[in-house]
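Taking it in order: structure first as structure tokens, then the write-up.
Derivation of every value follows stated rules applied to the coordinates shown; laboratory data play no part. Quick caveat: nothing in here was measured; it's all calculated off a predicted structure. We place every Cβ from the backbone using ideal geometry, glycine too, and count neighbours over all the protein chains shown.
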Amino acid sequence: MPDLSLFVLTGKKALVTGGAVGIGRACAVALAKAGADVAIVDLDAKTGEATAKEIGGMGRNGLFVKCDVTSRDQVQAMVKAVAAKFGRLDIAVNNAGIAILGADEEIPQAQWDKVIAVNLTGTFLCAQAEARQMISQKPTEGKIINIASMSATIANCNASYDASKAGVVHMTKTLAAEWGRFNINVNCLSPSYVLTPMHASTPLIARQRIRELTPLGHVERPEDLYGAVIFLASAASNYVTGHDLMVDGGHTLNAWLVPLGRSVPPRVGADQETVQMKHDLDTMGIRYDKDGINPSVHPEIANAFKAAFGLKD
Ligand SMILES: NC(=O)c1ccc[n+]([C@@H]2O[C@H](COP(=O)([O-])OP(=O)(O)OC[C@H]3O[C@@H](n4cnc5c(N)ncnc54)[C@H](O)[C@@H]3O)[C@@H](O)[C@H]2O)c1
């Protein structure tokens with residue numbers, strides 16, 4: 001048997017913000033698969049409780065803590081509650097994030113402020129409270145993983161989202177430099193287009209275009225992040241800090257025409273892409289068609305894609 005102990009998280013105590021569904025839930029499931037106890041931190045109590053129960057069903061301790069990451073008071077209370085319940089905090093995944101679409105020449109300031117408040121300020125507030133907890137512990141060490149996006153690197157969504165994610169990547173580098181002296185690793189994980197409830201509004205024609213432009217040939221699923229999360233949370237990454245780990249199937253290589261020359265089927269077929277997304281929509285009580293599509297989940301996303309592809313209602 002190979003010795004995989006470097007990746008084992010048995011006994012580790014973790015929290016995941018925005019952990020109820022999507023990428024956050026995938027991170028929580030990955031950490032629990034590797035042996036960690038996991039607190040699900042989210043605004044959505046109903047779905048968050050259900051996900052925490054699932055973690056319990058995997059033989060780990062699952063805990064739900066309701067928290068809005070934009071509130072410093074709530075974030076500090078949340079970290080205290082997790083540490084009180086688990087005894088310490090070893091791993092924190094700061095994943096809670098939002099995108100509000102809109103033309104940048106028109107969006108109101110409130111929209112900009114909201115996206116920056118959740119994605120950038122919220123990530124900082126969480127990292128700060130988590131680091132303080134980790135610094136107070138013996139032995140002093142920890143792993144902080146901030147979920148950024150390929151939008152930190154390529155112009156992809158809109159200015160508020162892309163700028164917030166670029167901010168997360170650079171903030172991560174600064175925090176990594178500052179907190180290395182406490183044996184705290186701070187890294188980013190940057191996914192591409194991941195099929196989460198957010199993408200239930202993405203029409204099939206757009207998913208097909210993403211496949212065509214991605215060297216590995218399938219739309220990213222939350223499960224595609226399992227290995228990267230376990231790596232960044234475990235001793236396997238002890239000498240990695242300030243890094244932005246892109247998990248994007250090669251999408252941001254901007255290879256354009258090269259992926260069109262694919263001659264073997266991708267590892268994951270279109271029918272397998274939506275398994276976790278459908279699970280999340282079920283947990284949220286949202287109906288969808290056989291392809292996992294319900295345009296009303298995020299009508300603004302559906303409308304943006306319809307306009308881009310010239311689709312009619
Ligand atoms: N889905 C993608 O294509 C994609 C790609 C790259 C990066 N990301 C990033 O990954 C993260 C998760 O994305 P997702 O697609 O799973 O999103 P999602 O909308 O499916 O889930 C986000 C979760 O965060 C929670 N949340 C939102 N605001 C919160 C707040 N203020 N405090 C606490 N919880 C809050 C929501 O309740 C929800 O459970 C986000 O940071 C997003 O920007 C997503």
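What number, rounded to the nearest 500 deg cm²/dmol, is the helix-based mean residue ellipticity at 222 nm of the chain, given -39500 (n - 2.57) per DSSP H run of at least four residues and division by all its residues? Walk me through the numbers on the way to the answer.
Numbers: 10 runs with 121 residues, N = 313.
Result for the chain, helices only: -12000 deg cm²/dmol.
Using +1 at the C-beta of Lys and Arg and -1 at the C-beta of Asp and Glu, which of 120, 168, 2 has the Cα lying farthest in the positive direction of the dipole of the chain?
Ranked along the dipole, the leading option is 2.
Please report the net charge: other residues with Cβ closer than 13 Å to the Cβ of residue 189, K and R +1, D and E -1. Intermediate results must be reported in sequence, preceding the final value.
On the way: positive: 143, 165; negative: 220, 224, 244, 248.
Charge balance near residue 189 sits at -2.
Distance between the C-alpha centers of the stretch 293-312 and the stretch 56-74? Whole Å please.
After rounding, the separation between the Cα centres reads 32 Å.
Kindly provide the Kirkwood hydrodynamic radius of the chain in Å, to one decimal, from all pairs of distinct alpha carbon atoms.
Numbers: mean 1/r = 0.0505 Å⁻¹.
Radius from the Kirkwood sum: 19.8 Å.
Taking the Cα centre of the stretch 88-173 as the origin, how large is its charge dipole in debye, to the nearest 20, when only Lys and Arg (+1) and Asp and Glu (-1) carry charge on their Cβ atoms? Numbers along the way, then the final one.
Working: 7 positive and 8 negative charges, 108 e Å.
Dipole about the Cα centre, nearest 20: 520 debye.
Which net charge results for the neighbourhood of residue 217, defined as the other residues with beta-carbon distances under 10 angstrom from its beta-carbon, given Lys and Arg at +1 and Asp and Glu at -1?
Values: positive: 211, 262, 267; negative: 212.
In short, +2.
Whats the longest run of the chain with zero chymotrypsin sites (Phe, Trp or Tyr not before Pro) that are DSSP loop and have at most 15 other Cβ atoms within 10 Å? Before the final figure, lay out the partial values.
Values: sites that count: 239, 256.
Formally, the longest exposed-site-free interval is 1-238.
Once Lys and Arg get +1 and Asp and Glu get -1 on their Cβ, which of 196, 274, 228 lies farthest toward the positive end of the dipole of the chain?
Result: 228, furthest along the dipole toward the positive end.
If you fit an axis through the alpha-carbon atoms of helix 122-136 and take the longest principal axis of the Cα set of the chain, what angle between them do you get, 0 to 90°, nearest 10?
20
Based on C-alpha coordinates, I'd like the Rg and Dmax of the stretch 202-242, in Å.
Gyration radius and largest Cα-Cα distance of the stretch 202-242: 14.8, 42 Å.
With charges set only on the Cβ (+1 for Lys and Arg, -1 for Asp and Glu), what does the dipole of the stretch 16-167 come to about its Cα centre, in debye to the nearest 20? Kindly include the intermediate steps, with their values, before the conclusion.
Numbers: 15 positive and 15 negative charges, 155 e Å.
Once rounded to the nearest 20, the dipole reads 740 debye.
How large is the charge dipole for the stretch 1-104, taken about the Cα centre, if only the Cβ atoms of Lys, Arg (+1) and Asp, Glu (-1) carry charge, to the nearest 20 debye?
Details: 12 positive and 10 negative charges, 69 e Å.
For this selection, approximately 340 debye.
Work from the charge dipole of the chain (Cβ charges, +1 for Lys and Arg, -1 for Asp and Glu, about the Cα centre) and give the residue of 243, 110, 91 farthest towards its positive end.
Result: 91.
Compute the angle between helix 45-57 and the longest alpha-carbon principal axis of the chain, please, reported from 0 to 90 degrees and rounded to the nearest 10.
That works out to roughly 70 degrees.
Please determine, in degrees from 0 to 90 and to the nearest 10, the orientation of helix 72-86 with respect to the longest principal axis defined by the Cα atoms of the chain, where the helix direction is its Cα long axis.
Roughly 60 degrees, rounded to the nearest 10.
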